[in-house]
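Worksheet: the structure to be examined is printed underneath.
The values are calculated or read from the model by the stated rules, or taken from the named source; none is laboratory data. Computed from a predicted structure; not experimentally measured. Glycine gets a Cβ as well: all are built from the backbone with ideal geometry, and neighbour counts include every protein chain shown.
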Amino acid sequence: MKTTKISITARISLFLVLILGMVQFSLAQTSVPTTKANTSKIWGAVDGISIEGMVQGPSTEITPLQIACVFEYTEGDIFNSPPALPEAVNGMVHLDKSLNGLITEIRKSGKFAGHSLETL
C-alpha cells in the first residue's frame, strides 16, 4: 500500500513540474512589444511640470562619456533569455554590438571581472 501512495505522489509531483515547466517555457517565448528608439511620450504633468519618457538605448546616445553597469561574467549572460531581456529590448546587447563585441571580449578574457568598485 505504501508503494502505491508514493507512486501516486511521485506521478502528481512529476505532472506539476511538467506543467510549471511548460508555463515558464511559453512565457519565455512571448514577444515583447518594442518602441522605436528616440521616440518619446508625455506621461502627465505635476504642478505644471511635464513628465516625459524617452526610448533611448546606450548604443544610440551620442555622448562624450557613458556609464554602463556590468556585473560578474557568466558565459552568454547578456544574451540568454531568461534571465536576460530579449535582444530587441536589451540595451546591453545593443551597446555590446555597437562596440563590436568589446564588452563581451573584455569580460570573457578576465580583464574585467565585475567585482565591487572595479571600473574600466
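Mind listing whichever residues of region 83-120 are hydrophobic (A, V, I, L, M, F, W, C) and either assigned to a loop (DSSP other than H, G, I, E, B) or free of Cβ contacts under 8 Å to residues at least 12 places away in the same chain (or both)?
Matches in region 83-120: ALA84, LEU85, LEU99, LEU102, PHE112, ALA113, LEU117, LEU120.
Exactly one of (1) loosely packed, with under 12 Cβ neighbours inside 10 Å; (2) in contact with a Lys or Arg (Cβ under 8 Å, 6 or more places away or on another chain) is unmet by GLN66. Its number?
It is condition (2) that GLN66 fails.
For every residue, the table says whether it meets (1) outside any strand (DSSP E or B); (2) among the acidic types (Asp, Glu).
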residue: ALA37; (1), (2): yes, no
residue: TRP43; (1), (2): no, no
residue: GLU52; (1), (2): no, yes
residue: PRO58; (1), (2): yes, no
residue: GLU61; (1), (2): yes, yes
residue: CYS69; (1), (2): yes, no
residue: GLY76; (1), (2): yes, no
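Would you say VAL17 is farther than 30 Å from SER109 by Cα and at pLDDT below 80?
yes
Would you pick out the residues in region 70-79 that are crowded, with 16+ Cβ neighbours inside 10 Å and in contact (Cβ under 8 Å) with a residue 40 or more places away in the chain?
VAL70, TYR73 - these are the residues of region 70-79 that are crowded, with 16+ Cβ neighbours inside 10 Å and in contact (Cβ under 8 Å) with a residue 40 or more places away in the chain.
When the residues of region 44-63 are narrowed to those that are at pLDDT below 85 and loosely packed, with under 14 Cβ neighbours inside 10 Å, which ends up nearest to the chain's Cα centre (by Cα)?
This residue is GLN56.
Kindly indicate whether PRO82 is in contact with a helix residue (DSSP H, G or I) (Cβ under 9 Å, 6 or more places away or on another chain), exposed (fewer than 10 other Cβ atoms within 10 Å of the Cβ), within 30 Å of ILE106 (Cβ to Cβ) and at pLDDT below 80.
yes
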